[in-house]
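**Q** Below is one structure. I have some questions about it.
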Amino acid sequence: MAGGNTSEALKNIKNKQRRQKIFGEIKHDKNKQKHKLRAERAKEERLNPELKEERLANNIPATIESKRVYDETIAAEVEGEDEFQQYFSSGVEPKLLLTTSENAKKPAYEFADMIMDFLPNVTFIKRKKEYSMKDIAKHAKNRDFTDLLVINEDKKKVSGITFIHLPDGPTFYFSITSIVDTKEIEGHGRATDHIPEIVLNNFNTRMGKTVGRMFQTIFPHNPEIVSRQVITLHNQRDFIFFRRHRYIFRNEEKVGLQELGPQFTLKLRRMQKGIRGETVWEHRPDMERDKRKFYL
């Protein structure tokens, strides 16, 4: 039965149970016919692989990524020097200072422990009310720290993190969601103290490259390959997914991944010049209207 005829036929059946039974039979017949056609097509494609290649080439699914609004800064090279150039040119080792927002509670300290587990050369200090963010940044700069990280907490829940690149900025604020502690991940491995490799994926625009360079500056230049540990920051539709794995060589041809944790998701909300200075870019609610426009 065609779609329109099926609907008309079912409408004429007053008994609900009989109507449901007939609908189930029609649906079963359609599925049976679909599987039959699929099996016939698979048989033809096994005999002639070119048919499969042609079908796949003509049936590319439309995704939000494929419909993305064009951004002229995609794949553009970084021009001149930026605030992170010293890290890449002089080989400065990152030295990080980590703290929390004022009146932080247990969740903020637990998240600080997670960060200290995977970030090398990081020092944690407890936040005191009398010191503002700029005071702490000045303190860190005078003691040769290269970056300041501040965990933000709201209503006993970790809500964001601020990255301040020292000595002169810029400042990035990210919201944080979907935090999963290592012990909550089934089958997780145990991480070692080795310096991990860093994989930055899909940071394509000019601003995306700036964010990617910021992430690079908080890890040392010399990953210890022997540990086989890798940290991935994967950007998809402006959500940055953090994952940590160890790759395992199963044999000469196969490589597996063992997750080490933790997991969380970042989203850039604000970028400022200097140490919390002029706002360069800020996420606004109206930016969510166009689902095809991405900024990283």
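**Q** Which residues, counting only those in region 105-134, are charged (D, E, K, R) and either in a loop (DSSP other than H, G, I, E, B) or without any contact (Cβ under 8 Å) to a residue 40 or more places away in the chain (or both)?
**A** Here is the first cut: in region 105-134, the residues charged (D, E, K, R) are 105-106, 110, 113, 117, 126-130, 134.
Answer for region 105-134, where residues must be charged (D, E, K, R) and either in a loop (DSSP other than H, G, I, E, B) or without any contact (Cβ under 8 Å) to a residue 40 or more places away in the chain (or both): Lys105, Asp113, Lys126, Arg127, Lys128, Lys129, Glu130.
**Q** May I ask you to verify whether Glu288 is among the acidic types (Asp, Glu), touching a strand residue (DSSP E or B) at 6+ places or on another chain (Cβ under 8 Å) and more than 14 Å from Gly208 (Cα to Cα)?
**A** No, not satisfied.
**Q** Mind checking whether some residue in region 233-249 is under 8 Å from the mean Cα position of the chain (by Cα), within 17 Å of Glu197 (Cβ to Cβ) and of a type in the set (A, V, I, L, M)?
**A** Checking region 233-249: at least one residue is under 8 Å from the mean Cα position of the chain (by Cα), within 17 Å of Glu197 (Cβ to Cβ) and of a type in the set (A, V, I, L, M).
**Q** Return a yes/no flag: does region 122-133 have any residue that is open to solvent by 40 Å² or more (accessible area, probe 1.4 Å) and among the small types (Gly, Ala, Ser).
**A** The answer is yes, given that some residue of region 122-133 is open to solvent by 40 Å² or more (accessible area, probe 1.4 Å) and among the small types (Gly, Ala, Ser).
**Q** Out of all the residues in region 138-178, which are farther than 14 Å from Leu268 by Cβ and either open to solvent by 60 Å² or more (accessible area, probe 1.4 Å) or basic (Lys, Arg) (or both)?
**A** Passing the criteria: Lys138, His139, Lys141, Asn142, Arg143, Asp144, Asp154, Lys155, Lys156, Lys157, Asp168, Ser178.
Okay, residues lined up against (1) outside any strand (DSSP E or B); (2) touching a residue at least 60 places away in the same chain (Cβ under 8 Å):
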site	(1), (2)
Arg246	no, no
Gly256	no, no
Leu268	no, yes
Asp290	yes, yes
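**Q** Select from region 182-198 the residues that are open to solvent by 60 Å² or more (accessible area, probe 1.4 Å) and in contact with a strand residue (DSSP E or B) (Cβ under 8 Å, 6 or more places away or on another chain) and list them in ascending order.
**A** Gly187, His188, His194
**Q** Now a separate question. Go through region 272-286 residue by residue and tally those that are surrounded by 14 or more Cβ atoms within 10 Å (Cβ to Cβ) and under 20 Å from Lys141 (Cβ atoms).
**A** 5
**Q** Follow-up question, since we're still on this one. Inside region 135-241, counting only strands (runs of 3 or more DSSP E) that do not spill past its ends, which hold 2 or more residues that are of a type in the set (Val, Ile, Thr) and touching a Lys or Arg at 6+ places or on another chain (Cβ under 7 Å)?
**A** So the answer is 229-236.
**Q** How about region 105-119: which of its residues are open to solvent by 20 Å² or more (accessible area, probe 1.4 Å) and either touching a Phe, Trp or Tyr at 6+ places or on another chain (Cβ under 7 Å) or of a type in the set (A, V, I, L, M) (or both)?
**A** Within region 105-119, Met114, Met116 meet the criteria.
The values are calculated or read from the model by the stated rules, or taken from the named source; none is laboratory data. This is a predicted model, so every value here is computed, not measured. Please note: Cβ atoms are built from the backbone with ideal geometry, for glycine as well, and neighbour counts cover all protein chains shown. For the accessible areas, the whole protein counts, side chains as well, though only heavy atoms, and no ligand, DNA or RNA atoms are used. Shrake-Rupley method; radii C 1.70, N 1.55, O 1.52, S 1.80 Å.
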